[in-house]
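Taken together, the values in this text are just the output of simple stated rules run on the coordinates, not laboratory data. Owing to the predicted nature of the structure, the values given are computational and were not obtained by experimental measurement. Because the Cβ atoms are built from the backbone with ideal geometry, glycine has one as well, and the counts that use them run over all protein chains shown.
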Amino acid sequence: MVFFHEGDLVELKHTLPNKPVMMVKGIVKSRFKDKNSDKSNNLFLGVKCCWFTSQGLYQEQIFSTKDLEKVRK
């Protein structure tokens, strides 16, 4: 199992032309409260990544962990 942390460099696992190297900005979770108790639960939504396009535009998106792999240094 691979874990991602803020600052990790990642890319998409899929073979796509011009896929960018991205930086992990954070882990996105949603908190919800259980109706039947006072407990709250966290639901994992994905990994927020950021990158710059070839035109220098800042981009940001949330990806599933199954679609990402760490870039080897």
Subject >> Dipole magnitude of region 19-71, debye to nearest 20 (Cβ charges: Lys/Arg +1, Asp/Glu -1, about Cα centre) >> reply: 160
**OP:** Can you put Thr53, Thr15, Thr65 in order of Cβ neighbours within 10 angstrom, beginning with the fewest?
**Re:** Thr15, Thr53, Thr65
**OP:** Report, to two decimal places, the Cα Rg of the chain normalised by 2.2 N^0.38 Å (N = number of residues).
**Re:** 1.35
**OP:** For each of Leu9, Leu57, Leu68, count neighbouring Cβ atoms within 10 Å of the residue's Cβ, then give the residues from fewest to most.
**Re:** Leu57, Leu9, Leu68
Original post:
Any idea what the relative contact order of the chain is, in percent, if you count C-alpha pairs under 8 Å spaced at least 6 apart?
Top reply: 31
**OP:** Rounded to whole Hz and in sequence order, give me ³J(HN,Hα) for region 33-44 from the Karplus expression 6.51 cos²θ - 1.76 cosθ + 1.60, θ = phi - 60°, writing x for Gly and Pro.
**Re:** 9, 6, 5, 8, 8, 8, 6, 10, 10, 9, 10, 6
Subject >> In order through region 64-71: 3J(HN,Hα) via Karplus (6.51 cos²θ - 1.76 cosθ + 1.60), integer Hz, x for Gly, Pro >> reply: 6, 5, 5, 9, 10, 9, 6, 7
**OP:** Rank the residues Ile62, Ile27 as a footprinting-exposure proxy: fewest other Cβ atoms within 10 Å of their Cβ go first.
**Re:** Ile62, Ile27
**OP:** Keeping to pairs on different chains or 8 or more places apart, tell me how many lysine pairs in region 1-68 have Cα atoms under 20 Å apart.
**Re:** 11
Subject >> Estimated distance in nm for a label pair at Asn41 and Thr65, the labels positioned 7 Å out from Cα along Cα-to-Cβ >> reply: 1.7
Original post:
Check Asp8: other-chain or 5+ apart residues with amide H under 5 Å from its amide H, H built from backbone geometry?
Top reply: Val24
Original post:
What nm distance separates the two modelled labels at His14 and Cys50, each placed 7 Å from Cα along Cα→Cβ?
Top reply: 2.4
Original post:
Cα centroid distance between region 44-73 and region 10-42, in Å?
Top reply: 11
